[in-house]
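Accompanying notes for the structure given below.
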Amino acid sequence: MVTQKIDIKKPLEILSRGDDSKLETNMNACVKCGLCAESCMYYLAFKEAQYVPGAKAELVSSIYRRYNTLAGKVAPALFNAKELNQEMAEKMVDMLFGACTMCGRCVKHCSIGVDIPYIVRKGREMLAAMNMVPATLQSTVDAALNTGNNMAIPQEEFIDTIKWMEEELIDEMEDVNARIPLDETDKSVFYTLNPREPKFFPLSISAIAKVFYAAKESWTISSKYYDVTNYGFFNGNNDQAAQIAGYLHDEIHKLRGKKLVLGECGHGSRATRWEGPGYLKKKFDFETITVVEVIASYIREGKITLDKSLNSSKVTIHDPCNLVRNGGLYSEIRFVVKSSVSDLQEMNPYGEDNFCCGGGGGALAMSEYNERRIKIGAIKAQQIAKSGAKVVITPCHNCVDQLQQLNHTYKLGVKIMTIAEIVADALVINKQ
Amino acid sequence: MEWYQIMAVISAFLCITLLTAKLVNLIKLGLPKELSQPNGSVKEGIIYSFTGAMSPKAKESAYMHLPTYLGGIVYHIGTFVSLLLFPFILLLADKIERVPDMFLYITAAALTISSMAGAGIMVKRIVTDNLRYFSSADDYISNILTTAIQVVTALMLIDAVDPVLYYTTAALLFVWMPFGKTKHLLYFFFARVNLGYFYGRRGTWPPIKKN
């Protein structure tokens, strides 16, 4: 490989910022015990040392040492302090974009508690500063920046889909007041979607609409800025992440919505709820909550009635990493699912210990890593098969996509459903 | 004081000064400035980070690697005992005769065991492809020095080593510590705090008991 001269000023600045203790801590805490290896599905799938999470983190921390520590500057060979050059940057692209979904499973099981996805994200920020984000991932971000949604769905097409779903809802409910309100102001709920829903899974929109109808919710969707995803979280470009987060922030203000309800998307929920205020450098002056929590509140408050017997197949739950391990929704998801189905069989492991489906971290958008993505997904496929379930429920459309592919590749013969879909199927509605 | 004792004391002073400077800097930097709406208790998350989350049952790095985990625990205890004994050996060397032989021999034996654990970890690093792949000279040097201090402390307690060797080993360890990976003794605590803050704020920690 030819080592070229690259502009390293901007990426190195990312490693020099002393905003808080997290950067310095995580760059210095790893003892390279390697015990994180078996917690990473990439390592489990490929059994190669380069996939050990600590080794991936070392790519970034070795550069940190070279430019930010006395030891690394004086005796780089002793401390594995590495220069940032073209060869190193290319290795980082392959390992930090192509071999880590930032699921955080390694963190929980790390003997020290090193936040490896945080380090990986820092590495991605550095690569973004060098314009080295994989083109496939960047094009997804660009679509969101330019059109307001990551699949570049034209507004007219989206409106048509929503109108079509609304007609279906009216027919099913036999009620002309059953609506999917678009661009309405002063509603309690400003709802968001993963663009995969209008594009590929419109029935999931009618499912949540049915739930809102049953709960008599006051809600709306924006016809322009409805996209809950934020691939700026994955590409490492915080300015672009802020611009995308700003779309929802500004739109809820424009429509004077009270509560931002995040549709079924793991990373989108995380990027909006937990990272969004940081990207925009301001606290949100509206409540931000996931649809799982909203549905759970409907059940607790008796706003909807569910009949578990309507979902009698054996189901299992796939926990999206960004909603459960990194989002604290373990019990809320269980509460909703247990209220909706009569036969739940957990995978092993599950909850905080779950394995990523393999589609996280932007992997679904990066077709150059498709082979790896499907191979690491074998772990999830085995979990599903062992559970004996006929239905896999997951409140994340990216996970749905990956699970659909695993279902096909590994011939699992299961049905993949979202939370809204399983709840809608269990709804007891007294038609007027 | 002999020259080698002065050398060790200066090294210890340097080590403490540099680690204190790092500590002060980390405290000054503080926790991340989160602007999102919390959904859990930071305090409870941090407490859990140092308690339940450290349980061997909670970590694959422990329950899937029990020999290494237990070896690591023993090794770390030996390291702390050796470091704590340093000022006593330095300042009370002439009074060591008053300590019962039994106590000295038991402590020396325990340190011998802990140093063997350290050596075992070193051997594992050498023979395991995964570890060699991303290990640097620092990983080996830090391990050697930390194991060596336990060996010479054990020998010092039973008067079986030249004090020059003991104090020189201590001096080398103290000089290396703020620069090498042994400094994780400081960063470990901040890593746990940051983790507890992250998971606590989001309501992941403390976890709800699974059925």
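Between A:GLY327 and any residue 5 or more places off or on another chain, the built amide H atoms are never under 5 Å apart. Averaging the Cα positions of each part gives two centres, and for the range A:175-192 and the range A:126-155 these lie 29 Å apart.
The residues of chain B have, on average, 51 Å² of accessible surface per residue, using a 1.4 Å probe with all protein chains present. Backbone phi angles across the range A:347-360, fed through the Karplus curve with coefficients 6.51, -1.76 and 1.60 (θ = phi - 60°), yield HN-Hα couplings of 7, 10, x, 8, x, 4, 8, 4, 8, 4, 5, x, x, x Hz in residue order; Gly and Pro are listed as x. Counting Cα-Cα pairs of the protein assembly as shown in 20 Å increments starting at 0 gives whole-percent bin shares of 18, 48, 25, 8, 1. Give me the distance between the Cα centres of the range A:250-276 and the range B:3-63, rounded to whole Å. Centre-to-centre (Cα) distance: 34 Å. With a Förster radius of 51 Å applied to the C-beta separation of B:VAL164 and A:ASP7, the computed FRET efficiency comes to 0.45.
So what is the accessible area of the range A:124-188 per residue, in Å², with the probe set to 1.4 Å?
Values: 3000 Å² over 65 residues.
It amounts to 46 Å² per residue over the range A:124-188.
The distance linking the range A:63-101 with the range A:195-246 is 37 Å (Cα centroid to Cα centroid, whole angstrom).
The share of alpha-carbon pairs in the range A:137-300 lying farther apart than 29 Å comes to 13%. Between B:LYS33 and A:SER309, the FRET efficiency estimated from the beta carbon spacing at R0 = 35 angstrom works out to 0.10.
For the range B:95-159, the set of chymotrypsin sites (Phe, Trp or Tyr not before Pro) satisfying both a DSSP loop assignment and a count of at most 10 other C-beta atoms within 10 Å is empty. Taking H placed 1.01 Å from N in the peptide plane, check which residues at least 5 places from A:THR290 or on another chain put their amide H under 5 Å from its amide H. HN-HN under 5 Å from A:THR290: A:LEU262. The phi-based Karplus calculation (6.51 cos²θ - 1.76 cosθ + 1.60; θ = phi - 60°) puts the 3J(HN,Hα) values of the range A:319-324 at 7, x, 4, 7, 9, 9 Hz, whole numbers, x for Gly and Pro.
Applying the criteria of a DSSP loop state and at most 14 other Cβ atoms within 10 Å to the GluC sites (Glu not before Pro) of the range B:1-79 yields B:GLU2.
Shown for chain A: the carbon plus sulfur share of the solvent-accessible area, taken with all protein chains present and a 1.4 angstrom probe, equals 48%.
For the range A:300-432, what proportion of DSSP beta bridges, expressed in % and rounded to the nearest 5, is antiparallel?
Working: 1 of 8 bridges.
Around 10 percent antiparallel, to the nearest 5.
At a threshold of 10 Å², the residues of the range B:2-42 that become less accessible to a 1.4 Å probe in the full protein assembly than in their chain on its own are B:ASN25, B:LEU26, B:LEU29, B:GLY30, B:PRO32, B:LYS33, B:GLU34, B:LEU35, B:SER36, B:GLN37, B:ASN39. Buried surface between chains A and B: roughly 5200 Å² of accessible area, summed over both sides, computed with a 1.4 Å probe on protein heavy atoms only. For the range A:308-426, what is the accessible area per residue in Å², given a 1.4 Å probe and the full set of protein chains? On a per-residue basis, 32 Å².
Could you tell me what percent of the DSSP beta bridges with both partners in the protein assembly as shown are antiparallel, to the nearest 5? Working shown, then result.
Values: 1 of 20 bridges.
Expressed as a percentage, antiparallel bridges in the protein assembly as shown total about 5.
When the helices of chain A are scored as -39500 (n - 2.57) per DSSP H run of n ≥ 4 and the total is divided over every residue, the value at 222 nm lands at -13500 deg cm²/dmol.
The values are calculated or read from the model by the stated rules, or taken from the named source; none is laboratory data. Since this is a predicted model, take the numbers as computed values, not measurements. All Cβ positions, glycine included, derive from the backbone under ideal geometry; neighbour counts span all protein chains shown. Just the protein is used for accessible areas: all its heavy atoms, side chains included, with ligands, DNA and RNA removed. Shrake-Rupley method; radii C 1.70, N 1.55, O 1.52, S 1.80 Å.
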